[in-house]
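Notes follow once the structure below has been shown.
The values are calculated or read from the model by the stated rules, or taken from the named source; none is laboratory data. Nothing here was measured: the structure is a model prediction, and the numbers come from that model. Calculation scope for accessible area: heavy atoms of the full protein, side chains included, ligands and nucleic acids excluded. Shrake-Rupley method; radii C 1.70, N 1.55, O 1.52, S 1.80 Å.
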Amino acid sequence: MKKDFQISYEYFKNAGELDDIEKELLDKAKQARENAYSPYSEFSVGCSVLLENGQIFTGNNQENAAFPSGLCAERTALFWISANFPEEKIKKIFVVGGPKEFSENNPPIPPCGACRQSLLEYETKQNENIDLYFSNMNDEVIKVKSIKDLLPFYFDATFL
Ligand code: THU
C-alpha cells in the first residue's frame, strides 16, 4: 500500500509581501546575522523568535576551533529562551542565512536536521504550532506552519 505525505508552504518574493510583525522578525534576524561568529565556515546565520508575550529574542551561529563544539543560530536562541522563559510559548521563528559573501543566487536556508528536532521538542511541549520562516539576504522567504512539516516520520517523546 502506497501512502503519501503532503506538505504545503508559502513563498514570499520579497519583504513587501510580509506583514508588519513578519518584517520586524526578518529585520531582527538579519541584524543578528551580522554578529554571527562563523570564522571557520564563513557561513552566517541569524534568527529571531517571537514569544506569546510579544517579546522578540535573537540568536546567531557560534563556531569553535573544535568544530563540533559550535552551535547553530536556532538552537543558540531556543536554548537561551527555554532557559529564561520556560513557560512562554514560541509563536514564530525566522531564520536568515547564507555565505558571508552573499551572492544573488543563494537560496533561502532551511534549518538543519538537529535544529528541526530541537524545534519539534518545543512545539510538542507547548502543544501549539510554531510558524517557521526561512530566508536569504534578498528577502525571499519560505514559511511552513509547523515544524512537523519539515520532519515527516518525526521522533518525539510519545515513543519513549
Ligand atoms: N547553521 C545554522 O546556524 N543553522 C542551520 O540551521 C544550518 C547551519 C550554521 C552552522 C555552522 O556554523 C554554519 O551554519 C555552516 O554549517
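Values of log10 I(q)/I(0) for the chain across q = 0.21 Å⁻¹ run -1.45, by the Debye formula with one identical scatterer at each alpha carbon and no solvent. Every helix of 4 or more DSSP H residues in the chain counts as -39500 (n - 2.57), and over all residues that averages to -8000 deg cm²/dmol at 222 nm. If the limit is 25 Å between Cα atoms, which of LYS125/LYS145; LYS13/LYS91; LYS3/LYS91; LYS30/LYS92; LYS2/LYS143 go over it? Among LYS125/LYS145; LYS13/LYS91; LYS3/LYS91; LYS30/LYS92; LYS2/LYS143, the Cα-Cα distance tops 25 Å for LYS3/LYS91; LYS2/LYS143.
For the chain, the carbon plus sulfur part of the accessible surface works out to 52%, probe radius 1.4 Å.
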